[in-house]
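Reviewing the structure listed below.
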Amino acid sequence: CDDLASGSDTDEVNVFDLSAKDGEVTGDDPSLTVTWYASAADLASGNAIADPGAYQNEENYQSVFAEVTDGNGCSATVTMTLTVNPLPSPTPGDQLEPYVSCDDDNDGFSEFDLSTYDDLVANGEADVEITYYATEQAAEDGLAADRIGPVYQNTVSGQQVIYARSTNTLTGCYRWVELTLEVAPLPDAFELEDLYRCDSDGDGQERYDLTQQEADILGGQD
């Protein structure tokens, strides 16, 4: 997966541990040695990769070469392609509207159905799974045990930042963004004076202008 090691997570550059493939190349035969080369030209000139355990690719879909040598000096060559997969592109955190839930008892806490934000976070991208975490480190680790939701009650009164992680289900590459949870207090309620009208015709019915109570109902709230 692309990463920030080179300063950008969209440059198709990453660090590969080529030596992790040695056993696969040799069939786990300890009598064979593997030497890695970045190109066919380097193979021809004997210019081996200095540190195959931390090799940074030069381009995406780059072919590298492994020369396998036995104790008699006989050798064979195999080719391997290095591919850097792109990261998902979830909606940036600063473009996600806060998720607002009404406070049912004005204690600063409420329940949030995080799954309602899945499509917003996914940003129209296919083959991604959206999961949520309470901390940045948990979102980075992506452990199933650390997931929160889908129904989640905030643990910080009033407002809390959580982390939504978009993971490509085909490549495992991921990127996470911040999501703000806000608990909206209930409006204040005020006691109202009853409305009275004189019954003009004795039928028990009269018209009332209910809007005349609005100022008292709002009590100065906007």
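The values are calculated or read from the model by the stated rules, or taken from the named source; none is laboratory data. Note that the structure is a prediction, hence the values are computed from the model and not measured. Heads up, the Cβs are rebuilt from the backbone with ideal geometry, glycines too, and the neighbour counts pull from every protein chain shown. Surface accessibility is based on the protein's heavy atoms, side chains included, excluding ligands, DNA and RNA. Shrake-Rupley method; radii C 1.70, N 1.55, O 1.52, S 1.80 Å.
Structure summary
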| read-out | value |
| --- | --- |
| Answer label for Cα Rg over 2.2 N^0.38 Å (calculated), chosen among (1) 1.83; (2) 1.04; (3) 0.99 | (1) |
| Difference of contour (0.36 nm per residue) and Cα-Cα distance, Asn106 to Thr77 | 3.4 nm |
| Nearest-0.05 FRET efficiency for Ala126 and Gln159, computed from C-beta distance (R0 41 Å) | 0.80 |
| Helix-derived mean residue ellipticity, 222 nm - over the chain, DSSP H n ≥ 4, -39500 (n - 2.57), to 500 | -2500 deg cm²/dmol |
| Length added when fully stretched, Glu140-Thr116, from 0.36 nm per residue minus Cα-Cα | 6.5 nm |
| Rule-of-thumb Rg ratio for region 107-192 [Cα; 2.2 N^0.38 Å; N residues] | 1.29 |
| Per residue accessible area in Å² of the chain, where ligands, DNA and RNA are left out and the probe is 1.4 Å | 62 |
| Distance between region 134-157 and region 51-112 - C-alpha centres, whole angstrom | 21 |
| Cys1 paired with Val15, simple spin-label distance in nm, labels 7 Å along Cα-to-beta-carbon | 1.7 |
| Residues listed by number, region 1-19, amide nitrogen under 20 Å from Asp42 label point at 7 Å toward C-beta | 1-3, 5-7, 11-19 |
| Where only C-alpha atoms are counted, convex hull volume of region 10-109 per residue in Å³ | 169 |
| Rounded percent of accessible protein surface that carbon and sulfur make up, region 114-222, 1.4 Å probe | 48 |
| Asp29 paired with Asp194, simple spin-label distance in nm, labels 7 Å along Cα-to-beta-carbon | 10.1 |
| Computed lengthening from Asn60 to Leu170, 0.36 nm per intervening residue step minus Cα-Cα distance | 37.8 nm |
